[in-house]
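The values are calculated or read from the model by the stated rules, or taken from the named source; none is laboratory data. Since the model is a prediction, treat every value here as computed from it, not as a measurement. Cβ atoms come from the backbone with ideal geometry, glycine included; neighbour counts cover every protein chain shown. The accessibility values were calculated without ligands, DNA or RNA, using every heavy atom of the protein model including side chains. Shrake-Rupley method; radii C 1.70, N 1.55, O 1.52, S 1.80 Å.
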Amino acid sequence: MSKRNELTHRNRWRITQLSAAVVSSTALLATGAFAQEAAAPEGLEEIVVTAQKRQERLVDVPIAIAAVSGDALQEIGVTSVVNLPQAIPGLRFDYSGSFVQPTIRGVGSALAGPGQTSNVAVYLDGFYVPNALGTDFQLLSVEGVEVLKGPQGTLFGRNATGGAVLVKTRDPSFDPTFIARANYGSFNRTGINLYGSTGLTDRMAVDLAGFYEQGDGYVKNLNTGKDAAEFDKWSVRGKLLFQVTDEAKLTLGYGHSDIDDPSPGEASNYNGLSAGAVLGPILVPPNGVPVAGNERRRTSNGVNTKSTLNSDEVTLRGEFDLGYATLTSLSLYRDEDALLVYDYDGTALPVFSPSFKVLDKTYTQEFDLASKGDGRLSWVAGLYYYNNENTYPAFNVSVGGAPYTKFFDTKVESESFAGFLDLTYELADQWFLTVGGRYSRDKIDSAFQRTNLAVGAIDPSAVKTDETFSKFTPRAILRYAVDDNQSVYASYNQGYKAGVFNPSGFSTEPVDPEEINAYELGYKLAKTDYRFEASAFYYDYKDLQVASYIGTSAIINNAASSEVYGVDTSFTAQLSERFDLTLGAVWLHARYENYDTAVSYFQVLDPTSPAFALFANQTVDASDNDVARSPEITASIGLHYNQPLASGNLDLNANYYYTDKFYFDAVNQFGQDAYGLLNLRATWTTADEKWAYAVYGTNVTDEKYRTQVLPGTFAIQQTYGEPAAVGISVTYKY
């Protein structure tokens, strides 16, 4: 046995031992010592999830799931999708420019470009959100969020290699409901949230949610001394529910959002690394130009950056009770239009700036047929169709301060057909076997047309290419229900992400699909006053799609393989009638096993070189390096205490999130040290529960942490998370 294989074998054995110890010892704690504590009168609310396309108790679902209610998210200050990691260890939402890049347990995609989607699927009310520019939506009128950890290739498709994030919003109510919330906080952040619902007839109901927020941002420009990240965003979402008969229900939805937030592009320079830092003293002697280095609240961009998104979405959900089964139809049309302007050198020198639009149109149709009843066999079958058209109509660039010139345009069309079947059979009392599979067929059409900037000539015709990918992704799970409140499971799941093209890199060669084989052992316990979950997992992850960026072009290749394993735990307890505790932690080992084509960057400082001051790249071996955006330890603790006060009720909430050190790249050049985020909130609610007044603080310890690092030809850029902030809010409910 080779030394590397021997180490791998030892690591697998260690994780098996560790996971067994964690599961057994904590289970004994939960069922033994803690069970002696007195239960609160109300107890914890039972959690029901839809992770298997049907409503089931969380404790009965053999998947590692983090489920958080909308009220709980509000209490800890999580108001948008990208803030979810503060409540859910093992989950990350990072950025690449304005493109959101989620990661679950070390599995996430770094792709951001034409036709490229994440390998962690995000769903809103059961409808897939493919565009990485549209993933950072506000958690508006949210009922709850479920994060499914591990590949979900059978029920959620080829876009769920790392897992799935399921966001559920409120449905219309026949009883009149109205909620209004206004808040004001640091950096002149002002927001208004409205939600209303009512019945129109005895069979029709409607609701409408609205959101508006604006602020100055927390970044100032060194060149102008002015606020550089002023933002303005609003959205509306409405649903019309029609109970056609007792057996048939239709829900028509419409959503619109308008976002103008340049902050993802208001970057500083990692350790001051920029072409402008070297060229400045030469072109603007003797002192050069200002260069924002590792400064959280400063940028030195010479271009007014932009990041806008205009989005419209129409959905239709049909639910039909057929007696023996429930048929659900899910139809979606989504149209998004984004404008992005960046400064790639990050200084006042007119070195290089791109300006481009991204147009994205998506149509999906899904049919799910789920069994009913209490027999030994339960099942769900489905058909799925996906069509996406992603277009960069004109990627324009300004070189040396010249007017913007079209450099290239691209168009990528993706069409997918899939069918799936998932069966659960009670083999004997308390023993359940689940088997399922999905067959997917994906056709990708890619085209690009580029300009030779040296002569200003456009290639006469577009370069077109296409490829078809297909894959069968199975799963198998054995679950033992110890009793009505606890179960143990062992599972195998396979995930798959279709191959992609790289038109912005002017390549006609497809990048191979990703594949992941996941093995998991889990335990779940749900009692009246506490819940506990633990799982140990091992992933065999092959052909990771990894991107690096040089100038305006992307270099996308496959990391041959990686190994990911770890332990995932969560614990929630009602310690007394007034005091709740939530704990969560993930220990993760994620390493590239075989990746000898990774890209590293270095600045050319030879004044005789034509690339002087720019950043060149070279291929290096990243085998044994940490997988990008994969901290070894992430954890969170939430405390909630309520106390009657002055004819009302006072709620105190504290939430602390911790992440270990991690890297933004495969070479492990650009990292982020360990940090923790503490959010505090105090809310006083009147006795009739109509009015609530809150004061809150986010990142109250003022931790400094990066949200992205963007290496490229002209600079190594970065952005930081928001510093300490405080605010107040007023809520009215009817």
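In the range 370-501, taking the dipole from charged Cβ atoms about the Cα centre, the farthest positive-side position among Ser440, Ser491, Leu377 is held by Ser440. Nonpolar atom fraction for the range 333-431, defined as the carbon and sulfur part of the 1.4 Å probe accessible area, stands at 60 percent. Remark: the range 693-707, residue by residue, has Karplus-estimated 3J(HN,Hα) of 10, 10, 10, 8, x, 10, 6, 5, 8, 6, 5, 9, 8, 8, 9 Hz, where x stands for each Gly or Pro and the curve is 6.51 cos²θ - 1.76 cosθ + 1.60 at θ = phi - 60°. Our note on the geometry: Cα centres of the range 466-514 and the range 535-574, 13 Å apart. Each principal axis of the Cα cloud of the range 586-667 was taken in turn, and the coordinate range along them, longest first, works out to 77, 33, 11 Å.
Contact order, relative form, for the range 319-423: 26 percent (alpha carbon pairs under 8 Å, 6 or more residues apart, mean separation divided by residue count). Evaluated with a Cβ-only charge set (Lys, Arg +1; Asp, Glu -1), the chain carries a dipole of roughly 820 debye about its Cα centre, given to the nearest 20.
Equivalent-ellipsoid semi-axes for the range 521-591 (Cα gyration tensor, √(5λ), whole Å, largest first): 40, 16, 7. Toward the positive end of the charge dipole of the range 287-360, with +1 on the Cβ of Lys and Arg and -1 on the Cβ of Asp and Glu, the farthest Cα among Ser353, Ala292, Gly323 is that of Ala292. Per residue, the average separation of C-alpha pairs within less than 8 Å and at least 6 apart gives the range 60-128 a relative contact order of 15 percent. Remark on Ala228: its backbone amide H falls under 5 Å from those of Val219, Lys220, Asn221, a criterion applied only to residues 5 or more positions apart or on other chains, H modelled at 1.01 Å from N. Which shape class applies to the range 325-441: rounded if a/c is under 1.5, otherwise prolate when a/b exceeds b/c and oblate if not, where a ≥ b ≥ c are the square roots of the Cα gyration tensor eigenvalues? Cα axes put the range 325-441 in the prolate bin. Carbon-plus-sulfur accessible fraction, the range 226-313 (probe radius 1.4 Å, protein heavy atoms only): 53%. Spin-label model, Asp175 to Thr608: label points 7 Å out along the Cα-to-beta-carbon direction sit 8.3 nm apart. Beyond 36 Å, the tail of the calculated P(r) for the chain holds 43 percent of the Cα pairs.
Remark: the range 227-243, residue by residue, has Karplus-estimated 3J(HN,Hα) of 4, 10, 10, 4, 10, 8, 8, 8, 7, 9, 9, x, 9, 10, 9, 10, 7 Hz, where x stands for each Gly or Pro and the curve is 6.51 cos²θ - 1.76 cosθ + 1.60 at θ = phi - 60°. For the range 130-148 and the range 316-389, compute the distance between their C-alpha centroids and round to whole Å. Using only Cα atoms to place each centre, the spacing works out to 12 Å.
Using a probe radius of 1.4 angstrom, the carbon and sulfur fraction of the accessible surface of the range 84-211 is 56%.
Tell me the per residue accessible area of the chain using a 1.4 Å probe; a whole number in Å² is fine.
About 40 Å² of surface per residue is accessible.
Remark: the Cα gyration tensor places the range 100-224 in the oblate category, a/c being 1.5 or greater and a/b not exceeding b/c. The length gained by stretching the chain between Val48 and Leu339 to full extension, at 0.36 nm per residue less their Cα-Cα distance, is 100.8 nm. The angle between the Cα long axis of helix 3-31 and the longest principal axis of the Cα atoms of the chain comes to about 40 degrees, rounded to the nearest 10. In summary, the lysines within cross-link reach of Lys704, defined as a Cα separation below 17 angstrom excluding same-chain residues under 8 places away, comprise Lys220, Lys661.
For Lys53, the aspartates and glutamates whose Cα comes closer than 18 Å to its Cα, not counting residues fewer than 8 places off in the same chain, are Asp125, Glu143, Glu146, Asp171, Glu319, Asp321, Glu366, Asp368, Asp374, Asp422.
Full extension of the chain between Glu577 and Ala182 yields a length gain of 139.2 nm, computed as 0.36 nm times the residue separation minus the alpha carbon distance. Computed from phi, the 3J(HN,Hα) profile of the range 624-640 under the Karplus parametrisation 6.51, -1.76, 1.60 (θ = phi - 60°) reads 6, 6, 5, 5, 4, 6, 10, x, 5, 10, 10, 7, 8, 9, x, 10, 9 Hz, with x in place of Gly and Pro.
Here the ratio of the Cα radius of gyration of the range 69-145 to 2.2 N^0.38 Å is 1.07. When the square roots of the Cα gyration tensor eigenvalues are ordered a ≥ b ≥ c, the ratio a/c for the range 621-704 is 1.5 or more and a/b exceeds b/c, which makes its shape prolate. Cβ-Cβ distance of Val620 and Leu645, R₀ of 51 Å, FRET efficiency by 1/(1 + (r/R0)^6): the value works out to about 0.25. Across the cross-link table entries Lys168/Lys471; Lys411/Lys464; Lys443/Lys471; Lys306/Lys357, which are compared at the Cα atoms, the separations over 19 Å belong to Lys168/Lys471. Placing dummy labels 7 Å off each Cα toward the beta-carbon, the span from Glu56 to Lys690 is 4.4 nm.
Please work out the FRET efficiency for the pair Asp71 and Thr701, using the Cβ-Cβ distance as r and a Förster radius of 25 Å; give the result to the nearest 0.05. The computed FRET efficiency comes out at 0.50. Considering the range 502-637 at the alpha-carbon level, its Rg and Dmax are found to be 21.8, 74 Å.
By the helix-only formula, in which each DSSP H run with n ≥ 4 contributes -39500 (n - 2.57) and the sum is divided by residues, the chain has a 222 nm mean residue ellipticity of -2000 deg cm²/dmol. Put simply, the amide H of Leu139, placed in the peptide plane, has neighbours under 5 Å in Ser80, Val81, leaving out anything fewer than 5 places away on its chain.
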